[in-house]
1. Can you tell me which condition Asp35 does not meet? The list is (1) closer than 18 Å to Ala71 by Cβ; (2) in contact with a helix residue (DSSP H, G or I) (Cβ under 8 Å, 6 or more places away or on another chain); (3) surrounded by fewer than 14 Cβ atoms within 10 Å (Cβ to Cβ), and all the others hold.
2. Among the candidates Val58, Val27, Val22, single out the residue that is in a helix (DSSP H, G or I), of a type in the set (A, V, I, L, M) and within 13 Å of the chain's Cα centre (by Cα).
3. If a residue must be within 29 Å of Val12 (Cβ to Cβ) and surrounded by 11 or more Cβ atoms within 10 Å (Cβ to Cβ), how many such residues does segment 51-62 contain?
Amino acid sequence: MTAPHDDTPPPVHDATSADPAVGLRAVRSLHELADRLELLQVRRARALGWSWQDLATVLGVSRQAVHKKYARTTEEP
C-alpha cells in the first residue's frame with residue numbers, strides 16, 4: 001500500500017515492485033504507453049513539416065531508423 005502523500009502514478013510505482021511479475025507487467029505497460037506517445041508526437045511533428053532528420057535528431061536515432069519505423073503510419077492517404 002502506498003503512503004497517502006505518494007503521488008507516483010501506479011504503473012511507475014508498480015515498476016519498482018519487489019515482485020518481478022508485478023514489476024515486469026508495469027514495465028510492459030509503460031513501454032506500450034511510451035510507444036503510443038512517441039507515435040502521436042511523430043505524427044504531429046510530420047504534420048508540422050518536420051523532416052525525418054529532424055525527428056531522428058530529437059529521438060537519438062538515424063534518419064533511416066525513424067523513417068522505417070514511422071513512414072507507413074504518418075503518410076497521408
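Every read-out reported here was derived from the displayed coordinates using simple, explicitly stated rules and does not represent laboratory data. Source: prediction; values computed, not measured. All Cβ positions, even for glycine, are placed from backbone atoms using ideal geometry, and neighbour counts span all protein chains on display.
1. Failed condition: (2).
2. Numbers: Val58 fails: within 13 Å of the chain's Cα centre (by Cα); Val22 fails: within 13 Å of the chain's Cα centre (by Cα).
Residue meeting the stated conditions: Val27.
3. Initial filter on segment 51-62 (within 29 Å of Val12 (Cβ to Cβ)): 55-61.
Subset that is surrounded by 11 or more Cβ atoms within 10 Å (Cβ to Cβ): 55-59, 61.
Of the residues in that region, 6 qualify.
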